[in-house]
Amino acid sequence: MYWLPEFLVVFLSLFIQGIPFLLLGSVIGALVTAFCPPARLAAFLPRNRFLGILAGLGAAFFIPSCECIAVPLIRRLIGRGLPVSFGVAYLLASPTLNPVCLLSTWVAFQYDYPLHAVLVRAGGSALIAGVAAFLLTLLPVEKLLCHDPVEENCPVCTPPLAATAPLAVHNPPSCEPCAPPDSCGPECHDHGPCQPSSWLMHRFPRLGSAAAMSVGDFLNVSMYYIAGCMAAAALQTILPSYLVPTNNPNLMIPSFMGLAVGLSVCSSADAFVVRAFTGYPLACLFAFLWMGAVLDLKLLLMYQTLFKKRAVLLLALILILSVFILARGAASIPLEKVFSSGTGLSWGTR
Amino acid sequence: MTPKSNAGLWRNPGRHQTPRFIPGLTSVLSKIRFFLPPLILGAWGCVLLRMKLSGALLELQNPAYHPLTLGAVGLLLLTAIVYPFLFDASNSQPPLKLHKAAAGLLLLLPVAAWLALPGKNANAGMLTRRETSLGSDLSLYRLLKVDPDELHDELLQRVQSAGTDSFINLDLLELNRITQCKDLQDAYQGHHVTLLGQWLPGETGGEFKLVQVIMFCCAADARVVGTKVMGDAGHRAKGDWLEVDADLQFDEGSNAPRLRLLEARAQSGLPDIDPGS
């Protein structure tokens, strides 16, 4: 147990470093959802596929939501007539392109190359999201989208950790409150009319529902974050380093992609987790960041609430291939040298 | 509910009902579950606040981020207080499922980790594993956004303004910079210096190591810089903070610093220094 003190220190430090950003992401996402229902935007969005994808990528910058919030949100909006191309592009881009994620990436790489890191992460993610959205929307809608809405918990009615829906653990109670609780009707929720549950909900319905949503989102996302912190701490202190190959990019990049899928860390804080992997090439770290935001274990389950199983498999294949190709391309460029303006100071060689 | 068979005893009779083995138990469990999230949030807030107040946070996170952490503490505690006003505890609670209970336990892990953390010198475990050698790592300065040239000029000015017998305060990163430059080595040769760092045992009994953790972000990306000091500072625990007065010389061949101990003073608790920012 000689490793235990160091493990605890690394685990706690990662947890402490990411918590403010998880909180910020949950609060902003809930406020936006409660006060500016994106459903109203649907009427103004282009139906053309290309324009829809571009609009989706653009919206990702302005409507902050991490991946856990984006899936149920987009599911509801597509159900109400949101253009599919816009929805899919937003779904895949918003975890990375939202301001909270970009800010956390900046902070995590503050002493390295903050601007370069943010630009490469955002650019790569936009490219991957655009390509995947384009390819996926080539499928006919009836082969792409799930017909049966899966019952999910309303954040306004149901306290966190009390969810009953089958996907509750994977699908945080972050469904869009289509209206303040006092004006909810049976059409708003799959489970029937909303029951305003507290004094705060009665007095300040929008603020109350935003607060309830942010608490639920925060706790649900924190579970995955804590699991990710533990895995990262274990990798640093317990597991032998030969588990991640260090000399062959063709093996290192898939290793980091697999790690991102397995850890399922929220995009609001994954930059801190990956920053802990000192000594690996930047291309591997970006492969982790690009992959984790669009595909991980929890997302694989959550996507099935929106897409049909075959479409989810196709999406996973597209994402894996596009991230690998992009990261492999990045690995052929000495990113560290480019970022540090040719000073030769290397952070990423082991 | 009266179960018709043993199998039925464990069968959930409805989505929002649990078998009532003991009268009132369901209600108690429901209340516990209702208050679990605010308890977790409140516990996180209290743990972070306690770490900040005790100085333990300095060993885990670069002080530049402490305001962010304090903001999170405020929000966590506020949420824990407001929580009972957000939801109604009297609403019927669905039965607790195993994965939800596991999730609740997972959320308590940071509190458990804090409780298991050694009260003193929590980062002592990483000191020996992450120690880097002096005089070779220019990237440290780039990562810390310290201009090596500016630091060079400042160090030169400091030694020129110091008297022959006076002690010059240095930190281990500054000693690292002196080791990299021949003119600084010449200027500091034979001077008395005062260094602050954490104690580690040396390879032989007549020496020890003085080290300091440099955090760029948090302890996960920490590196350790250090130097050997010739002399006996007494028996200490790994990671104890020491203020050391020493005579500084440099090896002719290797340019490595040779510090001869004059006096060592123990620092009670974590000194108010800014590791890595």
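Within the range B:201-215, is even one residue among the charged types (D, E, K, R) and in contact with a helix residue (DSSP H, G or I) (Cβ under 6 Å, 6 or more places away or on another chain)? Taking every residue of the range B:201-215 in turn, none turns out to be among the charged types (D, E, K, R) and in contact with a helix residue (DSSP H, G or I) (Cβ under 6 Å, 6 or more places away or on another chain). Of A:F272, A:F286, A:F277, all but one fail to be surrounded by 24 or more Cβ atoms within 10 Å (Cβ to Cβ) and farther than 23 Å from A:G29 by Cβ; the exception is A:F286. Given the conditions (1) in a helix (DSSP H, G or I); (2) surrounded by fewer than 24 Cβ atoms within 10 Å (Cβ to Cβ); (3) of a type outside the set (D, E); (4) within 12 Å of chain B (Cβ to nearest Cβ), report the number of the one that A:L115 does not fulfil. Result: A:L115 fails condition (4) only. The residues of the range A:313-322 that are within 17 Å of A:K143 (Cα to Cα) and surrounded by fewer than 21 Cβ atoms within 10 Å (Cβ to Cβ), listed by number, are A:L313, A:L314, A:A316, A:L317, A:I318. Apart from one condition, B:R236 fits all of (1) touching a Phe, Trp or Tyr at 6+ places or on another chain (Cβ under 7 Å); (2) within 22 Å of B:Q61 (Cα to Cα); (3) of a type in the set (K, R); the exception is (2).
The rows are residues; the columns are (1) closer than 19 Å to A:M223 by Cα; (2) more than 7 Å from chain A (Cβ to nearest Cβ); (3) polar (S, T, N, Q); (4) surrounded by 17 or more Cβ atoms within 10 Å (Cβ to Cβ).
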{"position": "B:L48", "(1), (2), (3), (4)": "yes, no, no, yes"}
{"position": "B:M51", "(1), (2), (3), (4)": "no, yes, no, yes"}
{"position": "B:Q61", "(1), (2), (3), (4)": "no, no, yes, yes"}
{"position": "B:Y65", "(1), (2), (3), (4)": "no, no, no, yes"}
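Only residues that are without any contact (Cβ under 8 Å) to a residue 12 or more places away in the chain, out of contact with any Leu (no Cβ under 7 Å at 6 or more places or on another chain) and at the interface with chain B (Cβ under 7 Å from one of its Cβ atoms) were counted in the range A:1-18, giving 1. In the set (1) under 30 Å from A:A269 (Cα atoms); (2) part of a strand (DSSP E or B), the condition left unmet by B:L173 is number (2). Going residue by residue through the range A:310-331, is there one that turns out to be outside any helix (DSSP H, G or I) and at pLDDT 75 or above? No: zero hits.
Listed by position, the strands (runs of 3 or more DSSP E) inside the range B:178-254 whose residues that are of a type in the set (D, E, K, R), at negative phi and in contact with a strand residue (DSSP E or B) (Cβ under 6 Å, 6 or more places away or on another chain) number at least 2 are B:207-214, B:223-230, B:241-250. When we screen B:V244, B:V224 for residues that are of a type in the set (V, I, T) and either within 28 Å of A:L8 (Cβ to Cβ) or within 14 Å of another protein chain (Cβ to nearest Cβ) (or both), the only hit is B:V224. Taken over the range B:210-237, the criterion of being out of contact with any Pro (no Cβ under 7 Å at 6 or more places or on another chain), touching a residue at least 60 places away in the same chain (Cβ under 8 Å) and of a type outside the set (V, I, T) is satisfied by B:F216, B:C217, B:C218, B:A219, B:A222, B:R223, B:G226, B:A237. Only helices (runs of 4 or more DSSP H) whose full extent lies in the range B:1-105 are considered here, and the ones with at least 1 residues that are modelled with pLDDT of 75 or more are B:25-54, B:66-86.
The values are calculated or read from the model by the stated rules, or taken from the named source; none is laboratory data. Owing to the predicted nature of the structure, the values given are computational and were not obtained by experimental measurement. Neighbour counts run over all protein chains shown; Cβ positions are idealised from the backbone, glycine included.
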